[in-house]
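What follows draws every value from the coordinates through simple rules; no lab data is involved. None of these values were measured; they are calculated from a predicted model. Note that each Cβ is placed from the backbone with ideal geometry, even for glycine, and that neighbours are counted across all protein chains shown.
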Amino acid sequence: MLETDWTQISGPIWYQPAHAAAAIKLLAAAETPRRAAKAVVDIQHVVSNDHAGTLWPAAVPAAAVFLRVIKERPGEPRDYALAALLDWWGCFKPEAEHPTYLDPVTGPVEVTEGIMRQVREAAPALRRLVDDSATASRKGIAELLRCLDSGWTTEDD
């Protein structure tokens, strides 16, 4: 899986970098689709606050992990990774005190823009999955691409 130093990512007091790193290790070591799907859910929960509808800076590299799962792990893991991104899109906002992710390559980026950038970079591979009739998640992936085309808007925007 992707190499990220989760301890270098800022976040609210609830953000636990060790839990993020552990979930990534579980995903990389998952021998069954169910274990991989559980790891995806764990990652989602350690980089966001479902109750407040907020995303923490760690959601940006987590989105890259989800996109890799979507591209490489069909079935339940793909479905859960796709559901996480679709759940966030347009419904979640960056945590007010931590609105930016410090990308080690490109510098600071607003959290939702960082996630959109990840999806933009993955778009060619996602389009190939939509075009593949054997891809069971085609409709969900197509929806994610439509979300990308529409941008990230929430009810408050």
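If each residue of separation counts as 0.36 nm, what is the full-extension length gain between Ala18 and Glu31 once their alpha-carbon separation is subtracted?
Here the segment from Ala18 to Glu31 would lengthen by 2.5 nm.
Springs between alpha-carbon pairs under 10 angstrom, Gaussian network model over the chain: which of Glu76, Glu110, Glu121 fluctuates most?
Glu121
Report, in cubic angstrom per residue, the convex hull volume of the C-alpha atoms of the range 1-133. Kindly include the intermediate steps, with their values, before the conclusion.
On the way: hull volume 13.4 nm³, N = 133.
Hull volume over Cα atoms, normalised by residue count, gives 101 Å³.
Return the long-range amide H neighbours of Thr54 (sequence gap of 5 or more, or a different chain), with a cut-off of under 5 Å between placed amide H atoms.
For Thr54, the qualifying residues are Asn49, Lys93.
Label point 7 Å out from Glu72 along Cα-to-Cβ: which residues of the range 26-59 have amide N under 12 Å?
Residues 27-30 qualify, since their backbone N sits under 12 Å from the label point.
Within the set of other residues whose C-beta is less than 13 Å from the C-beta of Glu76, count the net charge using Lys and Arg as +1 and Asp and Glu as -1.
Surrounding charge for Glu76 is +4.
For n ≥ 4 DSSP H runs only, could you compute -39500 (n - 2.57) per run for the chain, divide by its residues and tell me the 222 nm figure to the nearest 500?
-18500 deg cm²/dmol
In the neighborhood of Gly11, defined by Cβ-to-Cβ distances under 10 Å, what is the net charge if each Lys or Arg adds +1 and each Asp or Glu adds -1? Could the numbers behind the result be given before it?
On the way: positive: none; negative: Glu95, Glu97.
Every neighbour counted, the sum reads -2.
Net charge within 13 Å of Leu129 by Cβ-Cβ distance, Lys/Arg positive one each and Asp/Glu negative one each, not counting Leu129 itself?
On the way: positive: Arg68, Lys71, Arg73, Arg78, Arg127, Arg128, Arg138, Lys139; negative: Glu72, Asp79, Asp131, Asp132, Glu143.
Residues close to Leu129 contribute a combined charge of +3.
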